[in-house]
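Nothing in this text is a laboratory measurement; each read-out follows from the coordinates by a stated rule. Just so it is clear, the model here is predicted, and its values are computed rather than measured. Ideal geometry is used to build each Cβ from the backbone, glycine not excepted, and the neighbour counts take in all protein chains shown.
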Amino acid sequence: MKTPQANLLEATIAATGVLTLRMNRPAARNALSLDMIGAFERALGKIAGDAAVRCVVLAGEGPAFCAGHDLRELTAARAAPDEGRAFFEETMLRCAGVMQALVALPCPVIAAVEGVATAAGAQLVASCDLAVAGEAARFCTPGVDIGLFCSTPAVALSRDVSRKHAMEMLLTGAMISAAEAFRVGLVNRVAAAGMALDAARALAEQIASKPAATVRAGKKAFNAQAGQDLASAYAIAGRAMVENLLSAEAREGIGAFIDKRKPKWQEG
């Protein structure tokens with residue numbers, strides 16, 4: 001499958017159901033222009049409705065994963081009579097929609113990070129379910145250095161790492177290494193430089209081999225209980241477990257375990 005603006009965002013799907021979504025604006029370090037955000041909106045809308053997609057790998061073309069918002073585009077908008085307010089509001093609203101759409105996708109999303117992921121680029125990484133970084137990858141939220149605190153990246157970042165680690169990144173703007181990103185929980189794995197995409201695809205293949213309905217239900221339940229108080233979280237998770245136990249996947253999987261045989265999963 002190809003997105004309408006394949007020059008900005010390209011999607012290819014393997015027979016296993018692993019879809020690679022690649023940002024393709026290397027000269028601008030894959031910055032999130034409004035056109036790029038629009039390409040994400042269209043692509044994620046299609047992926048959400050495609051049962052053949054079992055896992056998504058998000059990568060960037062060129063030397064950077066994503067450098068965040070397009071500051072040249074934002075600066076040009078200041079020439080408008082409202083000094084850019086309407087454009088800024090549209091950009092932030094639609095970008096937040098993309099981040100939420102990533103979280104809401106039925107299938108898991110894995111970021112494959114090479115080079116830098118800065119500001120809204122780090123926000124993209126934090127919005128994915130999992131992340132694999134090449135050992136030379138680096139991450140930061142440097143808005144504070146240019147008078148623009150990374151408030152929207154902070155939403156995803158503060159839900160991915162501890163409050164104090166998030167605040168240190170936001171208040172200092174300092175670049176952190178892939179090893180440090182692993183230590184604080186921003187990424188799951190660190191691969192050799194240049195091998196993040198291969199490692200992310202291998203992880204995606206592992207996930208894609210699991211029963212698709214179970215993975216989708218599990219992601220939905222995980223996100224639903226996250227951030228709830230303890231009692232509410234257990235209520236949500238308990239209902240999810242009951243529905244899961246009644247599913248064909250659990251019936252087959254548990255039966256296969258008891259019978260000491262390999263389960264036969266349904267497609268889709």
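What's the extension gain from residue 83 to residue 174 if we count 0.36 nm per residue and subtract their Cα-Cα distance?
Length gained between residue 83 and residue 174: 29.8 nm.
Report the local net charge at residue 84: Lys and Arg +1, Asp and Glu -1, summed over other residues whose C-beta lies under 14 Å from its C-beta.
Working: positive: 72, 78, 85; negative: 70, 73, 82, 83, 89, 90.
With Lys, Arg at +1 and Asp, Glu at -1, the neighbours total -3.
Compare the Cα positions of 254, 141, 23 along the charge dipole of the chain (+1 at Cβ of Lys, Arg; -1 at Cβ of Asp, Glu; about the Cα centre) and return the one farthest towards the positive end.
Sorting the options by dipole projection puts first 254.
Using modelled amide H (1.01 Å from N, peptide plane; none on Pro or chain starts), what sits under 5 Å from the amide H of residue 137, excluding residues fewer than 5 places away?
115, 178
Work through the residues other than residue 170 whose Cβ is under 13 Å from its Cβ and net out their charges, Lys, Arg +1 and Asp, Glu -1.
Cβ neighbours under 13 Å give a net charge of -1.
Within the chain, how many Lys pairs that are eight or more residues apart, or on different chains, come under 25 Å at the alpha-carbon?
Counting lysine pairs in the chain gives 12.
Which cross-chain or sequence-distant (5 or more) residues have an amide H under 5 Å from the amide H of residue 70, H modelled 1.01 Å from N in plane?
32, 33
With r as the distance between the Cβ atoms of residue 42 and residue 92 and R0 = 22 Å, compute the FRET efficiency 1/(1 + (r/R0)^6) and round to 0.05.
So the FRET efficiency works out to roughly 0.70.
Which loop trypsin sites (Lys or Arg not before Pro) in the stretch 230-268, with loop taken from DSSP, have no more than 11 other Cβ atoms within 10 angstrom of their Cβ?
Numbers: sites: 239, 251, 260, 261, 264; in loops: 260, 261, 264.
Passing both the DSSP loop test and the Cβ count: 260, 261, 264.
Place a +1 charge on the Cβ of each Lys and Arg in the chain and a -1 charge on the Cβ of each Asp and Glu, then give the dipole magnitude about the Cα centre in debye, rounded to the nearest 20.
740 debye
Tell me, what is the FRET efficiency for residue 202 and residue 12 to the nearest 0.05, using R0 = 22 angstrom and their Cβ-Cβ distance as r?
0.85
What does the charge count around residue 108 come to, taking other residues whose C-beta lies under 15 Å from its C-beta (Lys +1, Arg +1, Asp -1, Glu -1)? Write out the running numbers ahead of the final one.
Details: positive: 54, 189, 201, 210, 216, 219, 220; negative: 50, 129, 160, 205.
Here the count lands on +3.
Beyond 13 Å, how much of the Cα-Cα pair distribution for the stretch 58-137 remains, as a whole percent?
Cα-Cα pairs in the stretch 58-137 separated by more than 13 Å: 70 percent.
What spacing in nm lies between the two simple spin-label points modelled at residue 104 and residue 214, each 7 Å away from Cα in the Cβ direction?
2.8 nm
With both partners inside the chain, how many of the DSSP beta bridges are antiparallel, as a percent to the nearest 5?
25 percent
Just to verify a number: FRET efficiency for residue 223 and residue 192, C-beta to C-beta distance, R0 = 41 Å, to 0.05?
Details: r = 31 Å, r/R0 = 0.76.
My answer for the efficiency is 0.85.
With the chain treated as a Gaussian network of Cα nodes joined by springs under 10 Å, which of 112, 126, 104 yields the largest mean-square fluctuation?
Residue with maximal mean-square fluctuation among 112, 126, 104: 104.
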